[in-house]
Amino acid sequence: MEEEKTLLERKKQRKNGGFKTMSFIIANASLEKAALYGLSANMILYLENEYHIDLVTGTNIINLWGASSSFLPVLGAFLADSTVGRYPMIAFGSIFGVLGTFLLWLTTMIPQARPPLCSDSTTECSSSTTLQLFFLCFALGLTSLGAGGIRSASMAFGADQFVKRYNKEESLAALDSYFGWYYAATYLAVLISLTLVPYIQEHLGWAVGFGLAVMFMLLGALSFFSASSLYVRESDKSNMITGFFQVIVASYRNRHFSSALHTNNVYHHKKESALVVPSEKLRFLNKACIVVDPEIFLTANGDILDSWSLCTVDQVEELKALLKVIPLWSTGVLLSIIVSQGSIYVVQAMAMDRHITSSFEIPAASLTVFIFISAILSVVLYDRIIVPLVSRIMRKPFHLTSKLKMGIGILFSILNMAVAAFIEYVRRGKAIKQRFTDSPEAVVNMSALWLILPFCLGGFADVINAVGQSEFYYSEFPKSMSSIASTLRELSLSVGGLVATSVLNIIDRVTKQKGKPSWISSNINQGHYDYYYLAIACICAGNMLYYLLCSWAYGPCELVAVKASPEEDEIVTSHCNSSTTFQVNILCLSFGLTSIGVGGIRSASTAFGADQFIKRYNKQTSLATLESYFGWYYAASVLAVIVYFSFVAYIQEHFGWQTGFGVPSVFMLLGADI
């Protein structure tokens with residue numbers, strides 16, 4: 001009877017999951033990040049203008065918000081891997097995320113939720129009341145709970161949907177591509193959010209901008225729940241957090257036992273576990289699973305009598321895996337400091353010329369989209385150009401190790417801060433020369449587009465380090481800790497946010513002594529943001545040396561990525577039949593028809609769109625409208641191409657040519673129908 005239930009369960013697992021569920025999971029994870037990043041982009045301006053909070057206090061609030069949004073996923077991962085399960089955890093986060101963004105939107109709609117506007121007759125503004133700040137922080141806290149639920153298990157839950165085809169060593173090569181594209185999808189969503197939300201907030205108001213974030217969260221939640229019947233769900237496990245404490249207590253209780261190599265110890269392990277003997281690293285923990293006397297520690301069936309005196313080899317190895325990576329993980333904490341500088345960048349961009357054309361000015365927060373553009377391009381460049389090209393040149397599979405990726409990310413973080421410091425040094429010099437020292441709102445005659453360079457360096461540093469961390473944790477941790485492995489990156493962001501807050505407060509307190517302006521003054525022209533950036537660059541340089549030491553101490557990784565054998569990849573190396581004349585003619589005919597279609601659409605679409613304005617408005621009004629129309633026309637075209645090259649190539653490779661060619665057919669059909 002039990003065997004029949006097992007067979008039925010396996011058949012159900014084969015029907016469910018797979019690539020058909022991936023889009024729903026990634027959509028939810030991507031839209032959640034799009035919502036929160038869209039809100040955080042201009043949050044410093046919202047706090048300063050609407051709640052009358054100074055720069056340092058506002059930055060601290062945002063950093064703590066970001067830290068909690070990154071820490072809670074780690075707590076959620078422990079719960080998801082131990083008792084709650086991954087699906088319920090993501091469902092919990094989706095509900096609370098929608099509720100949090102909705103309450104935050106209410107702060108823009110209810111006048112009593114904010115202090116009154118500043119009077120034009122006085123320079124002083126009313127401070128926020130305790131109740132107003134509590135409601136604001138409560139809404140931010142709910143969004144952090146939502147992030148904790150969604151981010152804690154989305155990546156691991158997505159991995160659960162795959163049919164296990166290769167063993168663990170061979171799957172690392174696939175994980176290299178999987179993690180890269182997972183981050184690319186979320187970064188693309190954030191890119192779109194940072195392009196639209198700050199612009200809408202600046203031109204249509206806070207209410208519309210915050211309302212868009214609510215729509216993102218709602219759409220993500222609906223997407224996730226709509227495929228509930230298709231997901232593969234793993235059964236709940238024992239409480240992992242309790243298991244960690246049991247190993248520590250048991251190893252202390254058994255501290256008098258010998259765990260030396262020459263002793264013939266008997267270790268307790270799960271009946272179907274592949275781990276029967278613990279590893280030699282952190283050997284003092286092995287005492288927790290030594291069976292000295294079976295009559296004292298075990299029942300007649302071989303079960304543990306006291307879990308606080310004897311543990312399994314699996315429990316010991318899970319704790320070891322977590323402890324071993326802490327030094328390398330801490331290097332990611334120091335790198336995450338540069339991610340927490342978003343509010344400072346916005347203030348810096350506000351003091352520079354942000355005009356793209358004479359009539360269009362890019363929002364300050366939208367400049368940060370170049371962080372995500374560079375991140376997406378880095379993933380595509382590495383996965384689609386560098387890896388295939390180098391593999392052909394070397395005539396063997398090429399793969400950057402996870403630790404090498406982490407090191408490259410830290411190196412580029414130093415360059416990021418150094419370049420940002422130099423740009424601010426030049427900007428501040430121009431401000432002083434133009435006598436803007438006492439005018440914090442003055443715009444210096446220097447293009448804000450110079451900030452694109454440090455943003456691109458920061459985006460590349462962040463994504464290559466993030467992918468490296470994810471690969472490293474996922475490959476070094478047992479399968480039972482998949483959710484924890486996928487959220488340690490979030491924990492480094494959380495702790496990095498707290499460290500960034502501490503560094504900001506220390507520098508502010510030290511540099512404003514004796515009546516001098518702080519380096520991070522609300523008046524950017526009186527402060528020294530360039531010195532602040534250099535201080536962060538020095539921290540990153542120290543982090544590089546610390547990382548090299550930790551990497552050397554850790555030793556080689558246990559697993560190395562191995563490309564699947566030609567037989568498993570189903571590569572046919574025998575003689576292939578040539579295409580017939582009829583087959584080639586059909587192919588060329590289809591190419592010709594698409595070219596005719598392109599000729600018809602592209603030849604008149606721009607002009608036909610312009611006709612809709614010229615015939616409706618007078619000449620002066622239509623010229624102003626056309627300027628906006630052409631800009632959005634080309635922006636939409638470029639965005640469509642970015643989406644196409646990000647996803648269609650992936651679909652063709654993983655789903656086959658039929659599905660990959662079917663997607664463009666759907667695109668054309670939808671375009672014609674609209």
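Points to keep in mind about this one:
- Tyr267 long-range amide H proximity, modeled H, under 5 Å: Val291
- At R0 = 35 Å, FRET efficiency that the Cβ-Cβ distance of Asn301 and Leu75 yields, to 0.05: 0.50
- Between Ser439 and Ile408, the distance separating the two model label sites (each 7 Å from Cα on the Cα→Cβ line) works out to 4.6 nm.
- When the surface is traced with a 1.4 Å probe over the full set of protein chains, Trp519 keeps roughly 70 Å² accessible.
- Val390-Cys118 FRET efficiency (beta carbon distance; Förster radius 51 Å; 0.05 resolution): 0.30
- A probe of 1.4 angstrom, applied to the heavy atoms of all protein chains, finds Lys270 with accessible area near 100 square angstrom.
- Between Ile110 and Cys588, the simple spin-label model (points 7 angstrom out along Cα→Cβ) gives 7.1 nm.
- In the complete set of protein chains, residue-level accessible area for Val190 is approximately 0 Å², probe 1.4 angstrom.
- Two-site label geometry, Gln513 and Phe225: point separation in nm, points 7 Å out along Cα→Cβ: 5.6 nm
- Amide H contacts of Leu298 (H built 1.01 Å from N, in plane; Pro and chain starts excluded): Leu305 sit under 5 Å, all sequence-distant by 5 or more or on other chains.
- Above-threshold pairs, the threshold being 27 Å between Cα atoms, out of Lys287/Lys403; Lys270/Lys324; Lys271/Lys403; Lys405/Lys512: Lys287/Lys403; Lys271/Lys403; Lys405/Lys512
- Sites Ser126 and Val503 - FRET efficiency at Förster radius 30 Å, r taken between beta-carbons, to 0.05: 0.45
- Less than 5 angstrom separates the built amide H of Met352 from those of Val444, all sequence-distant by 5 or more or on a different chain.
The values are calculated or read from the model by the stated rules, or taken from the named source; none is laboratory data. Just so it is clear, the model here is predicted, and its values are computed rather than measured. Glycine also receives a Cβ, built like all others from the backbone with ideal geometry; neighbour counts cover every protein chain displayed. With ligands, DNA and RNA removed, areas are computed over all heavy atoms of the protein, side chains included. Shrake-Rupley method; radii C 1.70, N 1.55, O 1.52, S 1.80 Å.
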